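The block underneath contains the structure these notes are about, expressed in structure tokens.
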Amino acid sequence: MSILFSLFAKQVICPACGSPARAAFGKTECTNTACQYFSQDALNRLRAKDAPAPRGSYHAANPVTIDYRNYLGIQKKFVAERGSLYAIHNHIVAVVEPTGKPIALSKTRITNLNWLGDVPPKPKKTKKNTGK
Ligand SMILES: [Zn+2]
């Protein structure tokens, strides 16, 4: 089960507590020890995955720094592209250096939230209206 789970698991935000988690087969394994979905295996894997520094060569054209305290209480700084920020539920999604990939950060853990100003809601898809 565990190996299969790891193969299929996707990184998600825990629906119960907003911490990094993984989910597969309708089951959530959360990395927050205080959470009802906590899994030591998920936490171990996250720690192992966190060990190497993120790679990439992405540089934000219009950078904004996000101060963030993660679920382990570790203060981190993310340099994000200001234009990429949007708010969804109680998270802010931002494209960050150096990976150029969007990450979701819980607003309650962003310690300089008021510096970010008004973050717009998730942009509507600009796809053509399919006329439903
Ligand atoms: Zn959780």
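Quick note: the coordinates plus some simple rules give every number you see, no bench work behind them. On a predicted model such as this, the values are computed, not experimentally measured, just so you know. Using ideal geometry, Cβ is built from the backbone for each residue, glycine included, and neighbour counts are taken over all protein chains shown.
Potential lengthening of the chain between ASN112 and GLN40 amounts to 22.9 nm, from the contour at 0.36 nm per residue minus the alpha-carbon distance. So for the chain, Kirkwood radius off the Cα pairs, Stokes-Einstein at 37 °C and 0.692 mPa s: how many µm² s⁻¹? The estimated diffusion coefficient comes to 202 µm²/s. For the chain, the Cβ-based charge dipole about the Cα centre amounts to some 500 debye (Lys, Arg positive; Asp, Glu negative; other atoms uncharged).
Taking GLY26, GLY18, GLY100 in turn, the Gaussian network model of the chain (Cα-Cα springs below 10 Å) assigns the largest fluctuation to GLY26. The alpha carbon gyration tensor of region 2-50 gives principal lengths a ≥ b ≥ c with a/c of 1.5 or higher and a/b no greater than b/c, which makes the shape oblate.
Entry note, the chain: the mean residue ellipticity at 222 nm calculated from DSSP H runs of n ≥ 4, each adding -39500 (n - 2.57), is -4000 deg cm²/dmol after division by the residues and rounding to the nearest 500.
Relative to the longest principal axis of the Cα atoms of the chain, the long axis of helix 40-50 makes an angle of roughly 50 degrees. Close amide-amide hydrogen proximity is noted between VAL12 and ALA21, ARG22, ALA23, each under 5 Å apart and 5 or more residues distant or on a separate chain (H modeled in the peptide plane; Pro and chain starts excluded).
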